[in-house]
Amino acid sequence: MLTFRRALAVAAVILTCFLLLRTTHTPYSEAPLVHNSPKPTGSYHDNKVIQDTPPESATTGTGTGTEVAKPASTGVAWNGDNGGRVALAKKPMTQLPLEDLKALPIRKQLSYAFPYDAEGKFPAYIWQTWKYTPASGEFSETFRPAEASWTELHPAFVHEVITDEIAGHLVKHFYATVPEVVEAYNSLPMPVMKADFFRYLILLARGGIYSDIDTTALKPAVEWVPAEVPRSTYGLVIGIEADPDRPDWHEWYSRRIQFCQWTIQSKPGHPVLVDVVATITEETLRRKKAGELDQKHIKSVVEFTGPAVWTDAIFKFFNNAEYFDMSTSKGNISFQQFTGIKQAKKVGDVVVLPITSFSPGVGQMDAGEDDDPMAFVKHAFEGTWKPENERHIGA
């Protein structure tokens, strides 16, 4: 019998699918960054080494002489130092027959399928994932205030909580032209890995904001970056998860500076998203072919799909000569450009927020409290869907 509650749930699913399947971002247009996907600048181990042992010429994150404060009415601060990176001009993209496209590497296929318009608008989407939607009676009351905060502070946004089942359908739809990605997603052996992968996939395809279900919006996204920074000059907004300035940091975190992926804002098609999706896809299919895609062989979710591989992709982009004119560079961009920052910092078209922005009140690594002017998102670090050893370390 079709009860009122079941009818409501069915209607919600149909409406969700209708909204998600529409093509909403603008076509490819002139952009200040190169469209083609990054060429590897070394292994991910090499990118990790760059963070651990930066060149002597690298400057510290605090910077001098480049800080520009936003008006005191908001208290949001800004650091104009771009790390010596000047973006290269865009290369034109040519139309390709389908058979030629499928012969290209995955990064090229993804760049073609989801062209990046750096000067376009940030799509007004908020994406979250959970086992149940808020319309379900099974949705935890613990998460309701946090989930509602995103709608309250972003009333003009489309806000969707995606279930595992719907996520699978969306991946199949958006990545139908790159079947390797669909195969990789379906092959991942743990729900936490699929949850990690899905956030990159939905942002690459549609852009907007992804945020974990246990996060609370403290300020609207329009206030995350100072108004004097044109929104046409950046396409990715990220925050620092960890800045452990201690000798034993390796025992607590995967990277000396670790960027969080519980909250990300992006325009569709950003090269960092292209790279991380391609990396996870290639590694998943490699392990699958070798018979190593199981919990026995996967030593760390953080390294495979979590903040470690996400952080590596970002540093790889910062140091990629295909995107930046390195003639003005003073050396590799490493953790030293970001450790201890108290203000937003822009490198190329990526805005990096200080640890307080997405991790206020953690009581460590010099993060501010929830009422700090730079506090934008509160993370509860529930991690209830993760193995114990993959949850946030609070020491």
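If the condition is being part of a helix (DSSP H, G or I), open to solvent by 40 Å² or more (accessible area, probe 1.4 Å) and not acidic (D, E), then segment 288-321 contributes K288, K289, A290.
Would you check which residues across segment 136-150 are surrounded by fewer than 14 Cβ atoms within 10 Å (Cβ to Cβ) and part of a helix (DSSP H, G or I) and list them? Once the filter is applied, which keeps residues that are surrounded by fewer than 14 Cβ atoms within 10 Å (Cβ to Cβ) and part of a helix (DSSP H, G or I), segment 136-150 yields E141, T142, R144, P145.
One residue alone among E282, E241 is of a type outside the set (A, V, I, L, M, F, W, C) and under 30 Å from P145 (Cβ atoms), and that residue is E241. Just one of (1) touching a Pro at 6+ places or on another chain (Cβ under 7 Å); (2) open to solvent by 10 Å² or more (accessible area, probe 1.4 Å) fails for K219. It is (1).
The condition (being of a type outside the set (V, I, T) and under 26 Å from A221 (Cα atoms)) is satisfied by just one residue among P191, P145: P145.
In this structure, is A195 out of contact with any Leu (no Cβ under 9 Å at 6 or more places or on another chain) and modelled with pLDDT of 95 or more? Considered against the rule, which asks whether it is out of contact with any Leu (no Cβ under 9 Å at 6 or more places or on another chain) and modelled with pLDDT of 95 or more, A195 comes out as yes.
Looking across segment 322-367 at every residue that is open to solvent by 20 Å² or more (accessible area, probe 1.4 Å), acidic (D, E) and part of a loop (DSSP other than H, G, I, E, B), the one that is nearest to D275 (Cα to Cα) is identified as E322. Looking only at segment 161-193, count how many residues are touching a strand residue (DSSP E or B) at 6+ places or on another chain (Cβ under 9 Å) and either open to solvent by 10 Å² or more (accessible area, probe 1.4 Å) or within 17 Å of G306 (Cα to Cα) (or both). Result for segment 161-193: 4.
From the set of residues in segment 106-116 that are surrounded by fewer than 21 Cβ atoms within 10 Å (Cβ to Cβ) and out of contact with any helix residue (DSSP H, G or I) (no Cβ under 6 Å at 6 or more places or on another chain), which is nearest to P220 (Cα to Cα)? Looking at residues that are surrounded by fewer than 21 Cβ atoms within 10 Å (Cβ to Cβ) and out of contact with any helix residue (DSSP H, G or I) (no Cβ under 6 Å at 6 or more places or on another chain), I get P115.
The values are calculated or read from the model by the stated rules, or taken from the named source; none is laboratory data. If you're wondering where the values come from, they're calculated on a predicted model, not measured in any experiment. Glycine also receives a Cβ, built like all others from the backbone with ideal geometry; neighbour counts cover every protein chain displayed. Quick note on the areas: whole protein, heavy atoms, side chains included, nothing else; ligands and nucleic acids left out. Shrake-Rupley method; radii C 1.70, N 1.55, O 1.52, S 1.80 Å.
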